[in-house]
Amino acid sequence: MRAIVLEQFGSVANFRERDVPIGRPGRGQVLIDVAAGSVNPIDIKTRVGRGAAKWFPVIPPVILGWDIAGKIVNCGPDTDTFSLGEDVFGAIGFPGLAQANADYVIADVAHIAKKPASISFEESAAAAMAGLTAWQAFNQNDGLHAGQKVLVHGASGGVGHLAVQMAKACGCHVTGTSSGRNRQFVQSLGADGHIDYQKTPIPNYPGDFDFILDPIGGDVTLASLGLLKQGGHLVTLNPPGDDQAERKARELGVVFQFILMKSSSSDMEQVAKLLGSRVISAHISASIPLSHLADAHLLMESGRTVGKISLIR
Ligand SMILES: NC(=O)c1ccc[n+]([C@@H]2O[C@H](COP(=O)([O-])OP(=O)(O)OC[C@H]3O[C@@H](n4cnc5c(N)ncnc54)[C@H](OP(=O)(O)O)[C@@H]3O)[C@@H](O)[C@H]2O)c1
């Protein structure tokens, strides 16, 4: 099969298209003929030797990629919940290597969900890691409740644009941040409020949030803690480099948490339900063939992605 192999950490020039053997699924695993994938910031960070390489060994030459949608073409033992020919999707193998940038991939059934029939392979793959991350961020402790005030930073990005839609579906009052360029897009997702982070310093935002989803990290995390009401909860998606945020949260009487997405069939099913019922949809701003993976990485690396970049076969 065709796979895009990262020969060594560094620039996109280190990607090579290779012919590699198709694997055999083991116990609890299926082989998927991949129809679509997508790129996430973790792909870019890992390519340069950071990102996933922090959480588990990544030793080039290596096939990156985590998001997939496709058809099951071989089933290992103990995979009774899925059958041959079924269309599935997921953000697979995380934390760990998934090797999704290939024509076929082996996935644990514990990491995939059935693809809603009404949703394309492209959209379901695009919603996989970003949707699962937003879902897991919102479902720490007892989750979101109707009427709560939610702030979503990076609301025009992969995670943020799905998070805005999920929080609205819970009946929350949602404010999203992005540059002014993406104001209309964020509003089109249903956000009640929009803040241009390039014009308004965080301490000037209206405060009193019950929950803040922070895909940015660093100073944004620290400043945002002050916008929470007592007992409010901030989930960041970028690992803090020190205990400053933890200490500030304690002083303010709010909850600070870093989460790392975990592949999960049951959580993926919840995202599938939201996609299938059109409560959420993934916005795809660019569809790039897998053979042009380098272009997809360069686009994502710009940090300006609106919605998602999908990888088509
Ligand atoms: N912990 C985990 O398990 C986990 C899982 C998934 C993602 N993540 C992390 O979460 C982050 C976001 O992921 P993503 O897929 O959403 O990325 P993304 O799609 O690349 O996000 C790009 C968007 O972020 C917006 N943005 C950039 N800087 C901003 C700022 N200071 N304030 C508000 N918006 C800003 C940009 O809007 P403008 O162009 O308008 O500026 C752009 O639309 C990444 O760092 C990723 O590694 C972590």
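The values are calculated or read from the model by the stated rules, or taken from the named source; none is laboratory data. Just so it is clear, the model here is predicted, and its values are computed rather than measured. Using ideal geometry, Cβ is built from the backbone for each residue, glycine included, and neighbour counts are taken over all protein chains shown. Side chains included, ligands, DNA and RNA excluded: accessible areas come from the protein's heavy atoms. Shrake-Rupley method; radii C 1.70, N 1.55, O 1.52, S 1.80 Å.
Structure above, values below:
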quantity	calculated
Residue match in the range 270-279 (condition: within 16 Å of the ligand (Cβ to nearest atom) and farther than 21 Å from residue 148 by Cβ)	no
Wholly within the range 107-222, strands (runs of 3 or more DSSP E) carrying at least 3 residues that are more than 9 Å from the ligand (Cβ to nearest atom)	149-152, 173-178, 209-214
Selection within the range 244-269 - under 30 Å from residue 87 (Cα atoms) and within 16 Å of the ligand (Cβ to nearest atom)	259, 260, 261, 262, 263, 264, 267, 268
For residue 124: the one exception among (1) touching a Phe, Trp or Tyr at 6+ places or on another chain (Cβ under 7 Å); (2) within 17 Å of residue 69 (Cβ to Cβ); (3) surrounded by fewer than 24 Cβ atoms within 10 Å (Cβ to Cβ)	(3)
Residues that are open to solvent by less than 50 Å² (accessible area, probe 1.4 Å) and at positive phi, drawn from the range 199-251	217
Within the range 69-107, considering residues that are within 19 Å of the chain's Cα centre (by Cα) and of a type in the set (S, T, N, Q), the one most open to solvent (accessible area, probe 1.4 Å)	99
The range 12-52, subset touching a His at 6+ places or on another chain (Cβ under 9 Å) and outside any strand (DSSP E or B), residue surrounded by the fewest Cβ atoms within 10 Å (Cβ to Cβ)	12
Breaking point among (1) outside the structural domain of residue 182 (by TED's automatic domain parsing); (2) of a type outside the set (D, E, K, R); (3) in a loop (DSSP other than H, G, I, E, B); (4) more than 14 Å from the chain's Cα centre (by Cα), for residue 266	(3)
Among (1) touching a Lys or Arg at 6+ places or on another chain (Cβ under 9 Å); (2) β-branched (Val, Ile, Thr); (3) open to solvent by 40 Å² or more (accessible area, probe 1.4 Å) - the single one residue 175 does not satisfy	(3)
